[in-house]
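Chemist: Following this message is one structure expressed as structure tokens.
The values are calculated or read from the model by the stated rules, or taken from the named source; none is laboratory data. Everything numeric here is computed off the predicted structure, so don't read it as measured data. Here the Cβ positions follow ideal geometry from the backbone for every residue, glycine too, while neighbour counts run over all protein chains shown. Remember, those area values only see protein heavy atoms, side chains included, never the ligands or the DNA or RNA. Shrake-Rupley method; radii C 1.70, N 1.55, O 1.52, S 1.80 Å.
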Amino acid sequence: MNALPPNAVIGIVGGGQLGRMSALAAARLGYRCHILTPEPDSPAAQVSAGVTLGDYEDIDALRDFASKVDVITFEFENVSAEGLDLLAALRPVRPSPTVLRLSQDRVAEKSFLNNAGIPTAPWREVNSLADLESATAELGLPAILKTTRLGYDGKGQMMLRAPGDLAEAFAQLSPKPLILEGFVDFGCEISVIVARGLGGEVVAFDVVENRHRHHILDLTLAPARVSELIADAARNLAMHVAEAMELVGLLAVEMFVTADGRVLVNEVAPRPHNSGHWTIDACPVSQFEMHIRAVAGLPLPPATRHSDAVMKNLVGEAETAMWPEIVATPGFCAHLYGKAEARAGRKMGHVTRLFPRGALPGEFGVTAALGILAEPGRDDPEPPHGQLS
Ligand code: AMP
């Protein structure tokens, strides 16, 4: 197995906070990062050795980027198939374009998962109103209609509650290819971050619980307050997905726990994930270091945690405006991403609060531990659709 030598250059496609925190982890391991992004002064480029400023579809920019790096990874998976193929012809791309393609398309993803024996919500492909009518007849209502591509943080999806909602929802989301998913009446949402190395070794972080506000992750509790049986099932599912995909790199697997204790996979993202930010402060090796290690061909240590944690995202203006108080609060591990402007729905930073292992408090304790951050974004407007965070 060929590990990247110290001072080698890791190319990261995407300039956001996930790239920034990956680059910081890479620097600690003696690597340099070079970022591909269309955005001047991006969070990732601010802390990296180099940047190629260019569009993800721009052939010259992709070539220039590849020529500057030894291996390529992603913090942003929506690069065109052609762009991916071009990069993969020039340098090793980890995770592979095959894995990225699966994660770009909800139909491809769910077909792959189901074929690998991994349970998901029931779903049907929808390309016409007639498809939608027969899909709702089969799956029932409520159900969720989603675009198959480029959806995130609840964008590109609509809840269908009554037969009268179908035509309107279809008109809003078509002509994009769509998928109808049966509504899962979940007890909680959990995720597992798993890494697989060049040699095929797999490690999984502990299962965490995720809570959303306005469809954007608000809180992560580590570990999730689920039974050992459910936690084991979730970790096994995540490791199974990584193996089935022959992943090299990091993968976040988002799951629903149903009221009757089943674990269903919602979606996968082959990159570091917001629900793994707690690992920076609560684990000897964070998700970002694990990502870099996997991409660089280094050994993967166990994904253990030394502390329990609550992670709170700083989203939009109200929460970001509290930064002076946040950095003055003892016990807050504070992270800011270097974005110039705090727009509604934009992820600006996060705060992690640690507890001794095994001492994650109950609901009131979590609220108390968040202190000034318990509900500051309550009055924030819902972010407009289509806006990048
Ligand atoms: P997604 O973009 O697929 O991650 O969906 C965003 C959020 O919508 C999820 O975190 C869930 O809270 C909710 N959601 C998505 N799909 C379903 C479903 N099939 N049943 C119930 N809730 C869902």
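Chemist: Distances over 38 Å make up what percent of all Cα-Cα pairs in the chain?
Modeler: Values: 11976 of 75466 pairs.
The share of Cα pairs beyond 38 Å in the chain comes to 16 percent.
Chemist: If you don't mind, there's one more thing I want to ask. Quick one: give the max-minus-min coordinate of the C-alpha atoms of region 122-182 along each principal axis, largest first, in Å.
Modeler: 27, 19, 18
Chemist: Related question: Just how many pairs of Lys in the chain have C-alpha atoms closer than 17 Å, counting pairs that are eight or more places apart or on different chains? Mind showing how you got there, number by number?
Modeler: Values: 110/146; 146/155; 146/176; 155/176; 155/347; 312/347; 339/347.
Taking the Cα cut-off of 17 Å, the pair count is 7.
Chemist: As an exercise, take the mean of 1/r over every pair of distinct alpha carbons in region 194-268, invert it, and state the Kirkwood radius in angstroms.
Modeler: Details: mean 1/r = 0.0766 Å⁻¹.
The Cα-based Kirkwood calculation yields 13.1 Å.
Chemist: Would you mind putting 192-200, 320-328, 220-228 in packing order, based on average other-beta-carbon counts within 10 Å, highest first?
Modeler: Details: 192-200: 22.3, 320-328: 14.7, 220-228: 18.7.
Most protected by this proxy first, the peptides run 192-200, 220-228, 320-328.
Chemist: Would you mind checking region 8-26 for residues with the amide N under 16 Å from a putative spin-label position 7 Å along Cα→C-beta of residue 336?
Modeler: 17
Chemist: Here's something else I'd like to know. Ordering 191, 174 by accessible area with a probe of 1.4 Å, largest first, what comes out?
Modeler: Details: 191 0, 174 30 Å².
Sorted by accessible area, descending: 174, 191.
Chemist: Let me ask something additional. Could you work out the equivalent-ellipsoid semi-axes for region 9-93, taking the square root of 5 times each eigenvalue of the Cα gyration tensor, largest first, in whole Å?
Modeler: 19, 13, 10
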